[in-house]
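Following: one structure in structure tokens, then a few remarks.
The values are calculated or read from the model by the stated rules, or taken from the named source; none is laboratory data. If you're wondering where the values come from, they're calculated on a predicted model, not measured in any experiment. Here the Cβ positions follow ideal geometry from the backbone for every residue, glycine too, while neighbour counts run over all protein chains shown. Remember, those area values only see protein heavy atoms, side chains included, never the ligands or the DNA or RNA. Shrake-Rupley method; radii C 1.70, N 1.55, O 1.52, S 1.80 Å.
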Amino acid sequence: MIEVKNVSLIINKYKILANVSLEIKEGEAVGLVGANGSGKTMLMKCICGFNTMFTGEIKVNGKRIGKDMEFPEKTGIIIETPGFIPYMSGYENLKLLSGSGSKISKEQIYYYMNLAGLDPENKKNVKKYSLGMRQRLGLAQALMEDPDILILDEPFNGIDKKMLLKMRDIFVGEKSKGKTILMASHNEKDIEYICDRKYEIDEGAIVPSSGDCSKSMQHS
């Protein structure tokens, strides 16, 4: 489903990614682990087509990013803090975004907002949302078009423990439906709970110790 072959990226003479290769099969959940600044987020941005200045090749579902298509199709994305129009409500933001792609009903938006622990009837502008509320709205956005692929960069930022446990189970549920997931988290317990295997990145390169996750399906 996702193929990254010999991808390198240099920005302002700094090597951000160094000959990265990885493969994620359809229906797999794969984790990315590494310290801040290791290259996790930039690799995800390249896979999503947000940065196409890399050398090497990235394919999603057989199509090359930056060549055959600008952005991967049927992909739900959370990268960094989700950006929304600040003077609109959560529902209004999602309604606007749903109009830019496939048409989504009001009922579907309500369902995914409720799933993410948000009240779709709340008229509060997004600029008044907490970091956790923005993150949950980003989750609703990522899921509402029923994507085949989820690319999730630190999806639990600002999330309280109760919602974190719920979100973990949501992603496990999405994997059980056959969705392909690439997720980065600073908390290895998140990776172990959700992912089948992991890649470790250090200074923009894949570390040889990358491999299967030690699966533990107990809440932590």
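Some observations on this one:
- Value at 222 nm in deg cm²/dmol, rounded to 500, when DSSP H runs of n ≥ 4 in the chain each add -39,500 (n - 2.57): -8500 deg cm²/dmol
- With q set to 0.11, 0.22, 0.25, 0.28 Å⁻¹, the log10 of I(q)/I(0) for the stretch 1-65, from the Debye formula over equal scatterers at the Cα positions, is -0.23, -0.93, -1.18, -1.41.
- Distance between the 7 Å Cα→Cβ label points at THR55 and SER176: 4.6 nm.
- With contacts taken as Cα pairs under 8 Å and at least 6 residues apart, the stretch 41-178 reaches a relative contact order of 27 percent.
- Nearest-ten-degree value, helix 161-176 long axis tilted from longest Cα axis of the chain: 70
- Stokes-Einstein diffusion of the chain at 10 °C, 1.306 mPa s viscosity, Kirkwood radius from Cα pairs, rounded to a whole number: 89 µm²/s.
- C-alpha long axis of helix 106-115 to longest principal axis of the chain, angle in °: 70
- Carbon/sulfur fraction of accessible area - the stretch 130-207, other protein chains in place, 1.4 Å, %: 46
- Label-point separation, TYR87 to ASP212 (7 Å along Cα→Cβ), nm: 5.6
- Radius 15 Å from Cβ of ILE65, net charge of other residues (Lys, Arg +1; Asp, Glu -1): +1
- At most 10 other Cβ within 10 Å, DSSP loop - trypsin sites (Lys or Arg not before Pro), the stretch 119-220: LYS123, LYS177
- Relative to the longest principal axis of the Cα atoms of the chain, the long axis of helix 131-143 lies at roughly 80 degrees.
- Cβ-derived FRET efficiency at R0 41 Å, SER21 paired with ASP119, nearest 0.05: 0.40
- Taking a straight line from the alpha carbon of LYS189, these aspartates and glutamates sit under 16 Å away, with near neighbours fewer than eight places off in the same chain left out: ASP153, GLU154, ASP160, ASP169, GLU200, ASP212.
- FRET E, pair LYS128, ILE10, Förster distance 41 Å, beta-carbon r, rounded to 0.05: 0.55
- Here is the list for the stretch 62-100: chymotrypsin sites (Phe, Trp or Tyr not before Pro) lying in DSSP coil, each with at most 12 other C-beta atoms within 10 angstrom of its C-beta, are TYR87.
- Percent antiparallel among DSSP beta bridges (both partners in the chain, rounded to 5): 50
- For SER38, the amide hydrogen comes within under 5 Å of no other amide hydrogen, counting only partners 5 or more places away or on other chains and with H modelled in the peptide plane.
- Counting only protein heavy atoms and a 1.4 Å probe, the stretch 131-173 has 33 square angstrom of accessible area per residue.
- Rounded percent of accessible protein surface that carbon and sulfur make up, the stretch 15-110, 1.4 Å probe: 49
- Cross-link table LYS25/LYS198; LYS67/LYS106; LYS74/LYS95; LYS63/LYS95; LYS74/LYS123; LYS45/LYS123, entries beyond 24 Å C-alpha to C-alpha: LYS67/LYS106; LYS63/LYS95; LYS74/LYS123; LYS45/LYS123
- Karplus-based coupling profile of the stretch 52-69, in residue order and whole Hz: 10, 8, 7, 9, x, 9, 10, 10, 10, 6, x, 10, 7, 5, x, 10, 7, 7, with θ = phi - 60° in 6.51 cos²θ - 1.76 cosθ + 1.60 and x standing for Gly or Pro.
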